[in-house]
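K.L.:
Sharing a structure here in C-alpha cells format.
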Amino acid sequence: MDQAISPEESNKRIVVDGRVFLPSLSALAALLVNVLVPNSPLFTFKPMPYFTITLAIVIAVTLVLALASLFLPRLRQKMAYKSWFIAVFLLLLNLLNICTSKLMLLQPIYFPNPDRILKVFVTDYTFLLKCLGYSLRLLATGYIFGVLAGMTTGILVGWSKRWSYWVNPLIKIVGPIPSTAWVPIALVCFPTSFAASVFLIALAVWFPATVLTSSGISNVQNSFFEVSSTLGANAVQKVFRVAVPAAMPSIFIGIFNGTCASFITLMTAEMMGVKYGIGWYINWQKDMLSYPNVYAGLIVIALTFSIIITLLFKLRDYMLVWQKGVIKW
C-alpha cells in the first residue's frame with residue numbers, strides 16, 4: 001500500500017505547470033524576430049541594442065522565476081495566474097517591433113520602434129527623474145490639501161444639518177464644474193503657476209472626497225449612535241469613533257475617485273504653464289516632434305500612477321481588514 005503524503009511533503013515535491021514558462025517563450029519569440037528578421041530598407045534609423053538587451057533580461061528573469069516556482073507553490077500560483085497577461089504583453093511589443101522597424105507599416109515619426117523608446121530611458125533618465133520629482137511634489141501638495149478639505153467638509157455636511165444647509169448648495173453648484181475649467185481664474189487669483197496648479201488639483205480631489213464622505217456618514221446606522229450614547233460617548237467621540245470608521249469604505253471610494261481626477265488635473269496644469277514635470281516634458285517633446293520621448297513620458301506616468309493606486313489599495317485593505325469575509329473581495 002502507498003503511504004499517505006503529508007501536506008509538508010507534498011509542498012516539497014516538484015510540480016510542473018507549463019503556464020509559468022509562457023512569458024519566457026513569448027520573450028524568446030520576440031528576441032528571435034528582433035535578431036533574425038532584417039529591418040525594412042525604408043527604416044533608416046540607426047540600429048540599437050536596447051530592445052535585444054531588454055528581452056534577454058526578461059527571458060532570464062522569467063526563466064529563473066519559472067524554475068523557482070517548481071519548488072515554491074505560492075510563487076507557482078502567482079506565475080501561472082499572471083503568465084498569460086505577461087506573455088500577451090510581450091507579444092504586443094513583438095507586433096509593435098514588426099509593424100515599425102521590420103515592415104514599416106506605421107509612420108516612424110509618430111510610432112517609434114521599441115529601441116528608440118528604450119534609448120530615451122538610457123540617455124535621458126536623469127531629466128525624466130527630475131521632471132517626475134516636480135510632478136510628484138505638485139501632486140502630493142494639491143492632493144493632501146484636497147483630501148483634508150474634502151474629508152473636513154464631508155464630515156461637517158454629513159453630521160450637521162446646519163452645515164449641510166449652507167454648504168450643500170455650494171457643493172452642488174461648484175463641485176460638478178471640472179477643475180480644469182477654473183484655469184483662467186486660478187492663474188489670475190494666485191501669484192504663481194505652481195500655487196494655481198495646487199489649487200486646481202486640490203479642487204479636483206475635494207469634490208468626490210466631500211460627496212462620498214458626507215454620504216458615508218449620513219448612511220451610518222442610527223443604532224450605532226444609540227449604543228455609543230449608552231456607553232457615554234460625547235458628540236466628538238460619536239463623529240471620530242463611530243461615524244468616520246463606519247463611513248471609511250465610502251470615504252475610500254471618494255479618495256480613489258479624487259485620485260484619478262488629480263492625475264488628469266496634474267497633466268493639464270503642467271501642460272498649461274508649470275515649468276518641469278512629466279506633463280510639461282511630454283508637451284515640450286511633442287512640440288519638438290520627439291515622439292520617442294513622448295512615449296517614454298507616458299510610460300513613466302503609467303508606472304508612477306499605477307504604483308500610487310496600488311499603494312492606496314494596500315492602505316485600504318489594511319485599514320478595512322474587518323471587511324474581509326463580510327463582503328466579496
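The values are calculated or read from the model by the stated rules, or taken from the named source; none is laboratory data. Model, not experiment: these values are computed from the prediction. Neighbour counts run over all protein chains shown; Cβ positions are idealised from the backbone, glycine included.
K.L.:
Considering only the range 131-176, how many residues are at pLDDT 90 or above and closer than 13 Å to Gly258 by Cα?
P.N.:
Residues flagged as at pLDDT 90 or above and closer than 13 Å to Gly258 by Cα within the range 131-176 amount to 12.
K.L.:
Residue under question is Gly158, and the condition is that it be in a helix (DSSP H, G or I), surrounded by 17 or more Cβ atoms within 10 Å (Cβ to Cβ) and within 21 Å of the chain's Cα centre (by Cα); does it hold?
P.N.:
No: the conditions fail for Gly158.
K.L.:
Look through Lys82, Lys102 and report the one residue that is in contact (Cβ under 8 Å) with a residue 60 or more places away in the chain and outside the structural domain of Ser193 (by TED's automatic domain parsing).
P.N.:
Only one candidate qualifies: Lys102.
K.L.:
With the condition being within 25 Å of the chain's Cα centre (by Cα), under 20 Å from Pro292 (Cβ atoms) and modelled with pLDDT of 90 or more, I'd like the helices (runs of 4 or more DSSP H) fully within the range 1-99 carrying at least 1 qualifying residues.
P.N.:
Ranges flagged: 50-69, 73-97.
K.L.:
If you don't mind, there's one more thing I want to ask. Conditions: (1) within 30 Å of Thr192 (Cβ to Cβ); (2) in contact with a Leu (Cβ under 9 Å, 6 or more places away or on another chain); (3) not acidic (Asp, Glu). Met248 meets all but one. Number of the miss?
P.N.:
Met248 satisfies all of (1) within 30 Å of Thr192 (Cβ to Cβ); (2) in contact with a Leu (Cβ under 9 Å, 6 or more places away or on another chain); (3) not acidic (Asp, Glu) except (1).
K.L.:
Then there's this: Restricting the search to the range 240-260, which residues are in a helix (DSSP H, G or I) and aliphatic (A, V, I, L, M)?
P.N.:
Val242, Ala243, Val244, Ala246, Met248, Ile251, Ile253, Ile255 - these are the residues of the range 240-260 that are in a helix (DSSP H, G or I) and aliphatic (A, V, I, L, M).
K.L.:
Starting from residues that are touching a residue at least 60 places away in the same chain (Cβ under 8 Å) and surrounded by fewer than 23 Cβ atoms within 10 Å (Cβ to Cβ), keep the ones in the range 279-291 and report whichever is farthest from Leu106 (Cα to Cα).
P.N.:
Filtering the range 279-291 for residues that are touching a residue at least 60 places away in the same chain (Cβ under 8 Å) and surrounded by fewer than 23 Cβ atoms within 10 Å (Cβ to Cβ), the one farthest from Leu106 (Cα to Cα) comes out as Trp280.
K.L.:
Could you tell me which residue of the range 262-285 is modelled with the lowest pLDDT, considering only residues that are more than 13 Å from Val300 (Cα to Cα) and outside any helix (DSSP H, G or I)?
P.N.:
Gly273
K.L.:
Out of Val188, Val167, Val174, Val205, which single residue is of a type outside the set (Asp, Glu) and surrounded by 18 or more Cβ atoms within 10 Å (Cβ to Cβ)?
P.N.:
Criteria check complete, one pass: Val205.
K.L.:
Continuing with this model, one more query. Going through the range 100-145 one residue at a time, which ones are outside any helix (DSSP H, G or I) and over 17 Å from Asn293 (Cα atoms)?
P.N.:
The answer is Leu103, Met104, Leu105, Leu106.
K.L.:
Same structure again: Return yes or no: is Gly258 crowded, with 21+ Cβ neighbours inside 10 Å, modelled with pLDDT under 90 and not polar (S, T, N, Q)?
P.N.:
In short, no.
K.L.:
Can I ask one more? State whether the residues of the range 293-301 include one that is closer than 24 Å to Pro208 by Cβ, modelled with pLDDT of 90 or more and part of a helix (DSSP H, G or I).
P.N.:
So far as the range 293-301 goes, yes, one or more of its residues are closer than 24 Å to Pro208 by Cβ, modelled with pLDDT of 90 or more and part of a helix (DSSP H, G or I).
K.L.:
Filter the range 74-109 down to residues that are of a type in the set (Gly, Ala, Ser) and farther than 13 Å from Ser24 by Cβ, then give me how many there are.
P.N.:
Residues in the range 74-109 being of a type in the set (Gly, Ala, Ser) and farther than 13 Å from Ser24 by Cβ: 2 in total.
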